[in-house]
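So the structure is just underneath, and the comments pick up after that.
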Amino acid sequence: MRREVEVYINANEYGQNIAYQRLDLFEEESINVTNSIKDIRDIAKVFTDYSQQFNVPASTTNNKLFKHYYNFDVSNGYDARVKREALIKINGEDYKSGFVALSDVSMKNQNPYSYKIVFYGKTINLKRLFGDNKIDELANYADAYLSKFNHIYTEDYARNGLKSGYNLSGSNLIINTSSTTAGDLCYPFISSKSHYYWDTSNNGPSLNEDVVSRNIEANASGSDRGLRLIDLKPAIRMYHIILAIEEKYGIQFTKNGSNDFFSQSNLPFYELYLWLHREKGDLNEQIEEDVQEIYLNDYTFTNTSPTGNDDPRSSANKNLVASVNNFSPRIKIKYEYKVTITPAVGGLYSLEMLDSFSGEIISPVTNATDLTGDGNPITIKFIFERNVVFIGETTFTPVLKVKTRGGITSFVLSGLSITKTTQEYENISSFGGFNWSLQGQSSYVANYTITNPATSTSTFNISAGLELASNLPNMKVIDFLTSIFKMFNLVAFYDDRRILSNGSSNPDFDKIKVMTLDNYYSEGTSYDIGRYLYTNKHSVGKANIFSEINFKYSSPSTFAIINNNEIANDEFGNESLNNTNTQIESPLAFDGGKYDVELGFEHMVFERMRDQSNSTTLTTVQWGWMVSDDEFPVLAKPLVVFCKKESTTSYLINTQDGNNFTTIDTYIRPSNTLGDGLQTINFGSENDEFYSGRNDVSLFETYYDNYIIPIYNERARLSKFKVVLPAKLINKLRLNDKIVISGKPYKINKIKININTGKADLELINEV
């Protein structure tokens with residue numbers, strides 16, 4: 001029995017008000033929908049949904065809807081570059097929602113005959129929506145959600161980020177008061193440059209002579225001691241990047257259900273952070289420069305010797321001088337400015353003195369550039385000569401230009417003065433009949449006083465910020481999400497059920513549901529469809545199983561993991577599935593090729609410090625070192641990491657503030673594990689860097705085992721059935737549903753349905 005199939009298309013372009021109009025269909029046209037959740041021949045495929053191409057007649061209705069696309073002379077015609085929202089109904093009930101794209105028009109005798117269209121499922125549209133956009137674009141506009149994480153950088157700010165972390169409260173970042181969690185943004189102990197160690201005897205390890213090695217033991221002495229805070233970089237919860245993706249692209253992921261992966265209650269994701277390492281080396285080059293120009297007081301020059309109208313800059317003679325023809329003597333004025341500032345600790349800053357009139361630098365400032373604030377006052381002298389053509393002005397306004405890249409929140413300007421002024425009139429000659437008292441002299445010297453010096457102290461504010469946009473990785477949004485999906489074996493789909501089975505409205509309608517494959521299958525329904533078989537024949541075969549599957553991070557680039565892999569002759573954090581570890585001895589057991597499930601993230605081995613003076617003493621301090629195997633700063637792929645607040649009362653960490661040192665008794669510990677014996681972000685079983693023993697709660701064990709291992713079971717089969725499904729079942733059937741035939745349960749691998757007739761080809765995997 002043929003079903004009534006209806007196809008509706010939004011007459012307006014995507015993003016505009018929905019005005020669904022029904023398409024005319026060919027009476028005999030079949031619409032086939034192929035749907036696959038995780039094809040066993042492509043297990044890393046994500047955002048999987050359906051697409052189907054079919055033809056519709058060039059009827060009056062369809063010609064109007066497609067605006068006679070075949071006629072390119074039509075003004076304001078149909079834009080085939082844009083997909084339109086669409087809906088398929090079966091027997092009056094919603095079946096699938098998605099998008100329609102117009103492919104082409106078939107013509108007969110110069111007249112339109114049919115339109116070829118493609119119907120896409122919505123999750124495929126995510127790829128189109130994100131395009132080639134990068135993660136850093138999520139924060140590079142003023143009102144962006146992630147811009148709330150921009151902050152003024154100081155070493156004190158970094159210290160609090162290391163000690164406690166920060167939480168987002170409204171539009172502000174406040175210190176995190178939780179005793180266990182790291183907050184929304186933190187500064188984990190991952191050094192981007194310097195090497196760190198713990199040594200109660202002050203004997204450092206032997207390293208590359210070009211590497212600065214620093215002892216962070218609380219009582220350490222010497223110049224190379226204390227944690228250099230500028231070596232640290234912030235890390236942000238991955239959860240907030242998901243929220244930013246929602247904001248920018250106008251989509252919603254479900255986050256409140258017990259099985260929603262992006263839920264705050266799902267700690268293996270919620271406690272996961274993205275370390276902000278956009279450039280190699282320390283933060284100095286990543287902090288946004290702030291520049292402030294301070295216009296100082298106007299200084300009026302008054303002639304003190306000799307008297308009379310001999311001063312061309314005096315107010316009495318100003319207008320007259322300005323009107324004199326062919327008057328071209330020059331003034332040479334010598335200045336000395338003393339500027340005393342008190343900058344906050346940290347970061348680089350520089351000072352320049354400018355001419356307010358020309359904007360040019362008017363003094364060599366070699367003694368005032370690339371200075372590092374240490375919290376102590378510093379006095380800078382600016383001594384310069386200024387040559388100007390007489391233009392009649394009586395005042396000169398100097399400008400102090402302050403540049404900073406972190407570390408200055410305010411400074412004090414005081415003691416500004418001009419201690420010596422010498423004015424020379426050069427090349428004085430005839431002024432076109434103007435009776436000048438010093439006519440004929442080659443030069444003239446006069447001393448002047450300053451009537452408006454700055455004698456009072458003034459405080460100015462300046463800040464250098466750390467902007468998330470400039471520190472987020474250079475990574476595509478689609479690659480970022482795909483890496484998360486591969487990491488945790490996730491599925492994504494639009495929930496297109498307006499009404500739930502209990503008759504209530506679906507609160508998640510048209511949202512993107514994201515969950516692990518195991519949780520997805522747990523929400524399925526069981527359907528016995530044995531009575532719908534339309535042939536007594538079906539096939540049973542083995543799956544096209546890969547001979548080897550490799551689960552791995554991007555190739556490592558950091559010192560610790562490279563050395564670990566060389567010593568262990570194994571790849572830390574990665575896992576391989578092959579004949580050996582599936583307990584099948586024959587090298588011919590699997591005839592498939594190799595397949596790599598590779599993330600766009602990098603992995604790191606962290607080190608729990610031991611006392612260098614006594615290697616048996618294990619501290620509570622764990623850190624990471626972002627350098628290459630030759631111990632130089634390196635730019636790695638984006639790093640994901642757990643951030644855990646760790647008490648270190650017995651092993652106080654010494655932090656450096658210029659010439660001062662401050663100890664902290666808690667710090668944010670970078671980790672590959674959520675906790676002792678809890679979830680890791682290693683694909684395979686590994687020795688825990690912080691806790692003793694081996695941790696088997698791996699990504700593979702938690703998220704892949706139930707899917708992969710049964711496929712390799714000797715009883716695993718891929719069965720193919722042909723059925724005729726009733727319309728009500730077609731509308732209800734989901735890929736996570738369990739199919740029962742002759743009392744045997746199966747999971748759906750792929751289903752291809754002719755929704756006009758209900759005939760369907762099923763690829764099913766038996767439960768073992």
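Here are some notes:
- Backbone HN-Hα couplings from phi across segment 602-617 [Karplus 6.51/-1.76/1.60, Hz, Gly and Pro as x]: 9, 10, 9, 9, 9, 10, 8, 6, 10, 5, 4, 7, 8, 5, 7, 7
- With Cα atoms defining each centre, segment 153-202 and segment 472-540 are spaced 39 Å apart in the structure.
- Note on K67 and S650: with the Förster distance fixed at 60 Å, the Cβ-Cβ geometry gives a FRET efficiency of about 0.20.
- When each of the peptides 184-196, 482-494, 96-108 is scored by how many other beta carbons lie within 10 Å of its residues on average, the order from highest to lowest is 184-196, 482-494, 96-108.
- Entry note: segment 665-768 has Rg to Rh equal to 1.23, where both radii use alpha-carbon atoms and Rh is the Kirkwood radius.
- Euclidean distance between Cα centres, segment 647-668 to segment 741-768, Å: 62 Å
- Mean projection area, nm², convex hull over Cα of segment 61-120: 4.9 nm²
- Reduced Cα scattering model of segment 108-198, Debye log10 I(q)/I(0), q = 0.11, 0.13, 0.17, 0.18 Å⁻¹: -0.57, -0.69, -0.93, -0.97
- Ranking of T200, T649, T181 by count of other Cβ atoms within 10 Å, fewest first: T649, T200, T181
- The charge dipole of segment 672-768, taken about the Cα centre with unit charges on the Cβ atoms of Lys, Arg (+1) and Asp, Glu (-1), comes to about 1240 debye, rounded to the nearest 20.
- Centroid-to-centroid, using Cα positions, segment 77-140 and segment 687-739 are 31 Å apart.
- Set of segment 753-768 residues, backbone N closer than 20 Å to the point 7 Å along the Cα-Cβ line of R717: 761-768
- Fully extending the segment from I709 to N109, taken as 0.36 nm per residue of separation minus the present Cα-Cα distance, adds 210.1 nm.
Just so you know, all these numbers are worked out from the coordinates, no wet-lab data involved. Everything numeric here is computed off the predicted structure, so don't read it as measured data. Positions of Cβ are generated from backbone atoms using ideal geometry, with glycine treated the same way; all protein chains shown enter the neighbour counts.
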